[in-house]
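*Asks:* Below is a structure I'd like to ask you about.
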Amino acid sequence: MGSVHIIYTGGTIGMVDSPQGLVPGADLAGWLAGLLPPNRPPAPGLEALESTSLTALEPLIDSSNATPESWQSIVEEAREHAARHPGEPIVILHGTDTMAYTSAALSYALAGLGAPVVITGSQLPLGAEGSDAEANVLGALRAAVSGRVVGVTLFFGGLLLAGGRATKSSSWDFAGFASPMAPPLARAGSDGASWEWSVSREGSGAAPDAWAEPKPYARHDVVVLDMAPGITGARLAALLDPLPQAVILRAFGVGNVPSDEPGLTEAIARAIRAGTAVVVASQCHQAEVLLGHYATGDAIARAGAVGTADMTLEAAYAKAQFLLAQGLTGTALAEAMGRPIAGELSPRR
């Protein structure tokens, strides 16, 4: 574990001011060189780190502009490096806005890679006063060389989270990410060297249903729709015209919708009959979708909708994109949503 490969994709960590606002442009390679030996004594917990290599993807992007094709660029770089340097840890520097989507997408596509992958970034650019960039990068490197990371993980604000379990919880707090339905894999101590590791590493590795050689991500038509009090069946029907390939329907509580609203459940049923997969998530950060628990959820379950169990929105969306890339559609896609690929959902109770 003496070397680590770093993949730089863009994001706040390497941004600088411009007349149009923050844009990628910092000297990340120079900053990293000044952060690590031989230009600086080894940080606690990184005494065994001998060298790092860096690849900057082109173009560098603000992660708000990320697409499934962006995920695939990272997947390909990680796979190519792993083929040349088997087992060597990989750290990915990424923007925070869609980092949780990317970490979930990578967890599916890189299951079984054979090398630990840690994704991180920062709330403030590396050159800003009081930036969290250094702490997060050093923490990600410590996790990567620890020998305890399996699969894809996300390190941020002192927490190491399973890649398919993370969600962005704050746009400004240095503890910017959370794992609402699974405990952190580890917590970093204030000194950086002492870590508290979870006994269970659920959610960090490949599941039996993982794809050994997945087909590449491409952009598929997956739409996320929120339920809100007063939404009409006619409005929902209009939002589903033309029909997407899959719908992530963010419902209330454990998967409830306003089933008394005329035409609403019928609009969902029509979409399913036409071949659209309808997957129901919860608007709550902590929830397990149970479509038959209330009559308001049972109505769409009987129409053919399926729940996301306790997946985050990011994990569910990336999973729908991944399954579509593998050629699954309609009912087959909906059924596959409930089978774990990389620990993104808990076993059914």
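*Asks:* With both bridge residues required to lie in the chain, what share of the DSSP beta bridges run antiparallel, to the nearest 5%?
*Replies:* 30 percent
*Asks:* Looking at the chain as a GNM with Cα springs under 10 Å, which of 264, 239, 126 has the largest mean-square fluctuation?
*Replies:* Top of the fluctuation ranking is 239.
*Asks:* Continuing with the same structure: Run through the range 51-144 and list the GluC sites (Glu not before Pro) located in a DSSP loop whose Cβ has at most 12 other Cβ atoms within 10 Å.
*Replies:* Within the range 51-144, the qualifying GluC sites (Glu not before Pro) (loop, at most 12 other Cβ atoms within 10 Å) are 129.
*Asks:* Right, here's the next one. Might you report the magnitude of the Cβ-based charge dipole of the range 1-114 about its Cα centre, with Lys and Arg at +1 and Asp and Glu at -1, to the nearest 20 debye? Don't skip to the end; give the middle numbers.
*Replies:* On the way: 3 positive and 12 negative charges, 43 e Å.
Its charge dipole is roughly 200 debye.
*Asks:* Right, here's the next one. When each pair of different Cα atoms in the range 162-294 is counted once in the 1/r mean, what is the Kirkwood radius in angstroms, to one decimal? Display every interim value, and only then the final one.
*Replies:* Details: mean 1/r = 0.0557 Å⁻¹.
Its Kirkwood hydrodynamic radius stands at 18.0 Å.
*Asks:* Give me, ordered by chain and number, the residues 5 or more places off residue 8 or on other chains with an amide H under 5 Å from its own placed amide H.
*Replies:* Those qualifying (amide H under 5 Å, at least 5 residues apart or on another chain) are 55, 56, 57, 93.
*Asks:* Probe radius 1.4 Å, ligands and nucleic acids ignored: give me the carbon and sulfur share of the accessible area of the chain as a rounded percent.
*Replies:* 52 percent
*Asks:* To the nearest 10 square angstrom, how much accessible area does residue 148 have with a 1.4 angstrom probe?
*Replies:* 100 Å²
*Asks:* Report the normalised scattering of the range 32-111 as log10 I(q)/I(0) at q = 0.12, 0.18 Å⁻¹, calculated by the Debye formula with identical scatterers on the alpha carbons.
*Replies:* -0.43, -0.89
*Asks:* Oh, and also: Tell me, what HN-Hα J-couplings in whole Hz come from the Karplus equation 6.51 cos²θ - 1.76 cosθ + 1.60 at θ = phi - 60° for each residue of the range 80-90, using x for Gly and Pro?
*Replies:* Values per residue, Gly and Pro as x: 5, 5, 5, 5, 7, 9, x, x, 6, x, 10 Hz.
*Asks:* Could you give the accessible area per residue of the range 1-109, probe 1.4 Å, as a whole number in Å²?
*Replies:* Working: 4650 Å² over 109 residues.
For the range 1-109, the solvent-accessible area averages 43 Å² per residue.
*Asks:* Can you list residues from other chains, or at least 5 along the same chain, whose modelled amide H is less than 5 Å from the amide H of residue 156?
*Replies:* 161
*Asks:* From Cα pairs below 8 angstrom and at least 6 apart in sequence, can you work out the relative contact order of the chain, rounded to a whole percent? Intermediate results must be reported in sequence, preceding the final value.
*Replies:* Numbers: 786 pairs, mean separation 54.6, N = 349.
Rounded, it is 16 percent for the chain.
*Asks:* Then there's this: Calculate, for the range 137-257, the solvent-accessible area per residue in square angstrom, rolling a 1.4 angstrom probe over the heavy atoms of the protein chains.
*Replies:* About 44 Å² of surface per residue is accessible.
*Asks:* Sticking with this one: With θ set to phi - 60°, apply the Karplus curve 6.51 cos²θ - 1.76 cosθ + 1.60 along the range 32-49 and write out the HN-Hα couplings as whole Hz, x wherever there is a Gly or Pro.
*Replies:* Going residue by residue, I get 5, 4, x, 8, 10, x, x, 7, 8, x, x, 5, x, x, 10, 4, 8, 6 Hz, with x marking Gly and Pro.
*Asks:* Each residue of the range 321-333 in order: what ³J(HN,Hα) in whole Hz does its phi give by Karplus 6.51 cos²θ - 1.76 cosθ + 1.60, θ = phi - 60°, with x for Gly and Pro?
*Replies:* Rounded to whole hertz, the list is 5, 5, 5, 4, 5, 7, x, 7, 9, x, 4, 4, 5.
*Asks:* I've got another one for you. With springs only between Cα atoms under 10 Å apart, run a GNM on the chain and tell me which of 23, 91, 279 wobbles the most.
*Replies:* Maximum fluctuation in the GNM of the chain, among the listed residues, is at 23.
*Asks:* Still on this structure, please answer the following. Which value, in Å to one decimal place, does the Kirkwood hydrodynamic radius take for the range 221-301 when every pair of different Cα atoms is included?
*Replies:* Averaging 1/r across every pair of different Cα atoms and inverting gives 12.5 Å.
*Asks:* Mind checking which of 334, 182, 238 has the largest fluctuation in a GNM of the chain, springs on alpha carbons under 10 Å?
*Replies:* 238
*Asks:* I would also like to ask the following. Please work out the C-alpha center-to-center distance from the range 227-264 to the range 151-202 and express it in whole Å.
*Replies:* A separation of 33 Å, based on Cα centres.
*Asks:* For residue 281, enumerate residues with amide H under 5 Å from its amide H, sequence gap 5+ or separate chain, H modeled in the peptide plane.
*Replies:* It is 249, 250, 251, by chain and number.
*Asks:* Let me know the charge dipole size of the range 92-217 about its Cα centre in debye, to the nearest 20, where only the beta-carbon of Lys, Arg (+1) and Asp, Glu (-1) is charged. List each step's numbers first, then the result.
*Replies:* On the way: 7 positive and 10 negative charges, 61 e Å.
Computed charge dipole of the range 92-217: roughly 300 debye.
The values are calculated or read from the model by the stated rules, or taken from the named source; none is laboratory data. This structure is a prediction, so every number in the text was calculated from the model and none was measured. Neighbour counts are summed over all protein chains in view; Cβ atoms, including those assigned to glycine, are modelled from backbone coordinates with ideal geometry. Protein only, heavy atoms only, side chains kept; ligands, DNA and RNA dropped before computing areas. Shrake-Rupley method; radii C 1.70, N 1.55, O 1.52, S 1.80 Å.
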